[in-house]
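As structure tokens, the structure follows; a few thoughts come after it.
The values are calculated or read from the model by the stated rules, or taken from the named source; none is laboratory data. Predicted model, so just to flag it, every value in this text is computed and none were measured. Neighbour counts are summed over all protein chains in view; Cβ atoms, including those assigned to glycine, are modelled from backbone coordinates with ideal geometry. The area values use the complete protein model at the heavy-atom level, side chains included, leaving out ligands, DNA and RNA. Shrake-Rupley method; radii C 1.70, N 1.55, O 1.52, S 1.80 Å.
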Amino acid sequence: MIGVGVIGCGSIAKKRHAVEYHNNSNVKIVGFYDFNKERALEMTEQYGGIAYDSVDELLMDDQIQAVSICVANVYHAEITINALNQGKHVLCEKPMAITYEQCESMVNTAREVGKRLMIGHNQRMLRTHQSAKALIESEKLGKVISFSTVFGHKGPEMWSIRKGNNTWFFNKNKAAFGSIGDLGIHKIDLIRYLLGGQVDSVYASLTTLDKKLENGQFIEVDDNSIELLRFKEGPIGTVTTSWTYYGKECNSTVIYCQKGSIHLYEDPKYSMVVIHQDGRIERYELDEIQTNEQDIQPNSGVIDTFIQGLISGEKTPLEGEEALVSMKVVFACLDSASTGCSVKVE
């Protein structure tokens, strides 16, 4: 039995981490911390455990072997490194941290102290994406030529524990980046996972088109972004993110190959549709993708993968080293957007 502590009791902790730990038979939830202790107390009422007065108090509890870090982006690195140095395994929410140097320090610390660090890139856990990866690797459709992947919804103020335009997601000092960090990291990491290659260069545009603060000023981070990614192995494609899809949420990907195309989460019933060059269509009803609009979230697979990785000692798709590579691409995109030039991913 692995004792777990959850740091941060916002929406991601409430709707995914806590409930998935609770449903895992190899886990005992020892307690929660949030700067607003009432939130932590609410979690203990539902799942048991202690509501700690500080992060340090939680990290000093010997009953806890692993922690989930579900706080604002700016605190990810500091708390992760402290937790690792206190002998805890860490599952940190994405984006990993707000600078590449911080991300690198997180990975290096985990290696130095001999503890596991994983990042909550849940799109790798979806059966549909895993099936698409296997199909791509088989080369039954030939080699990948290009791709398009989109993640857009109404905005984090609809999801955040503090509803409205005062959410920390809109504060540059706490979030560091907007839709590209919130949604783009998912799709950049997913494309890397699906194609299995290396991103060679990026060209990106970040903008703020509609989201405003309570004072009527535009938010401090991007609410829309488009990234052009070129892989060393040849494929080229786009990543689109948006917090201004005020209709239906979009979380889809299309992979164009030499002998057909793979359509992921475009069809409301069939999560993977394969269209062959000769016109044949194969439809697969594999799973359902999580959305912010669901009151009851399907299991993300992240918690179960984290815990199984700790038990088995085997590597998982969520390792910090993998997330570090994806974050390097994100930071290259930020450099591109600020300079207006294509940027090599070194």
Given the convex hull over the Cα atoms of the stretch 179-260, what projected area results after averaging over all orientations, in nm²? 6.4 nm²
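Under the rule a/c < 1.5 gives rounded, and otherwise a/b versus b/c splits prolate from oblate, where does the stretch 197-326 land using the Cα gyration tensor?
Numbers: a/c = 1.33, a/b = 1.17, b/c = 1.14.
Verdict is rounded for the stretch 197-326.
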The ³J(HN,Hα) series, computed from each phi in the stretch 50-64 with the Karplus coefficients 6.51, -1.76 and 1.60 at θ = phi - 60°, rounded to the nearest Hz and given as x for glycine or proline, is 9, 9, 7, 8, 7, 4, 4, 4, 5, 5, 8, 6, 5, 6, 9
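Considering only the other residues whose Cβ falls under 12 Å of the Cβ of residue 252, what net charge follows from Lys and Arg at +1 and Asp and Glu at -1? Can you show the working numbers first?
On the way: positive: 187, 248; negative: 249, 266, 267.
It works out to a net charge of -1.
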How many angstrom separate the Cα center of the stretch 27-83 from the Cα center of the stretch 177-243? 30 Å
Straight-line reach from residue 14: which lysines have Cα under 18 Å away, leaving out those fewer than 8 places along the same chain? 28, 37, 94, 163
Counting only heavy atoms of protein chains, what accessible area per residue, in Å², does the stretch 81-168 have with a probe of 1.4 Å? 40 Å²
Accessible-area composition of the chain, carbon plus sulfur, in percent [1.4 Å probe]: 48 percent
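Let me spell out the model: positive unit charges on the Cβ of Lys and Arg, negative unit charges on the Cβ of Asp and Glu, origin at the Cα centre of the chain. What dipole size does that give, in debye rounded to 20?
Numbers: 35 positive and 45 negative charges, 132 e Å.
It works out to roughly 640 debye.
For the stretch 152-230, what is the charge dipole size about the Cα centre, in debye to the nearest 20, if Lys and Arg each add +1 at the Cβ and Asp and Glu each add -1 at the Cβ? Please report the intermediate quantities before stating the final value.
On the way: 10 positive and 10 negative charges, 36 e Å.
Using Cβ point charges on Lys, Arg, Asp and Glu, the stretch 152-230 gives about 180 debye.
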Once phi is turned into ³J(HN,Hα) by the Karplus curve 6.51 cos²θ - 1.76 cosθ + 1.60 with θ = phi - 60°, what whole-Hz value does each residue of the stretch 267-275 show in order, with x for glycine and proline? 8, x, 9, 9, 6, 10, 10, 10, 10
Using heavy-atom solvent-accessible surface (probe 1.4 Å) with all chains present, what is the largest-first order of 128, 244, 339? 339, 244, 128
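Considering only protein heavy atoms, what per residue accessible area in square angstrom results for the stretch 214-337 with a 1.4 angstrom probe?
Details: 5990 Å² over 124 residues.
Per residue, the stretch 214-337 has 48 Å² of solvent-accessible surface.
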Sort 129, 89 by accessible area with a 1.4 Å probe, largest first. 89, 129
For the stretch 128-233, whose charge dipole is built from +1 on Lys and Arg Cβ atoms and -1 on Asp and Glu Cβ atoms, the candidate among 146, 130, 178 with its Cα farthest towards the positive end is 130
What do you get for the angle between helix 320-339 and the principal long axis of the chain? Use alpha-carbon atoms, 0 to 90 degrees, nearest ten. 70 degrees
Expressed in square angstrom to the nearest 10, the accessible area of residue 230 with a 1.4 Å probe stands at 110 Å²
Restraint check, 187/344; 248/328; 174/248; 140/269, Cα-Cα greater than 22 Å: 248/328; 174/248; 140/269
What distance in nm lies between label points placed 7 Å from Cα along the C-beta direction at residue 99 and residue 335? 1.5 nm
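Which of the GluC sites (Glu not before Pro) found in the stretch 40-145 are in a DSSP loop and have at most 14 neighbouring Cβ atoms, other than their own, within 10 Å?
Of the GluC sites (Glu not before Pro), the ones in loops of the stretch 40-145 whose Cβ has at most 14 other Cβ atoms within 10 Å are 139.
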Once you sort the root eigenvalues of the Cα gyration tensor of the stretch 1-104 as a ≥ b ≥ c, which label holds: rounded (a/c under 1.5), prolate (a/b larger than b/c) or oblate (the other case)? prolate
How much length is gained on full extension from residue 166 to residue 283, taking 0.36 nm per residue of separation minus their Cα-Cα distance? 37.9 nm
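What fraction, in whole percent, of alpha-carbon pairs in the chain exceed 33 Å separation?
Details: 15648 of 59685 pairs.
So the pairs more than 33 Å apart make up 26 percent of the total in the chain.
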Taking Cα atoms, the helix 127-138 axis meets the longest principal axis of the chain at an angle in degrees (rounded to 10) of 50 degrees
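Just reorder 243, 159 by solvent-accessible area, largest first, 1.4 Å probe, all chains present. Working shown, then result.
Numbers: 243 0, 159 25 Å².
If we order 243, 159 from most to least accessible, we get 159, 243.
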Roughly speaking, what is the stretch gain from residue 311 to residue 210, that is 0.36 nm per residue apart minus the C-alpha to C-alpha distance, in nm to one decimal? 31.8 nm
Under a Cβ-only charge scheme (Lys and Arg +1, Asp and Glu -1), can you give me the dipole magnitude of the stretch 1-130 about the Cα centre, in debye to the nearest 20? 680 debye
For helix 37-47, report the angle its Cα long axis makes with the longest principal axis of the Cα atoms of the chain; keep it between 0 and 90° and round to the nearest 10°. 80 degrees
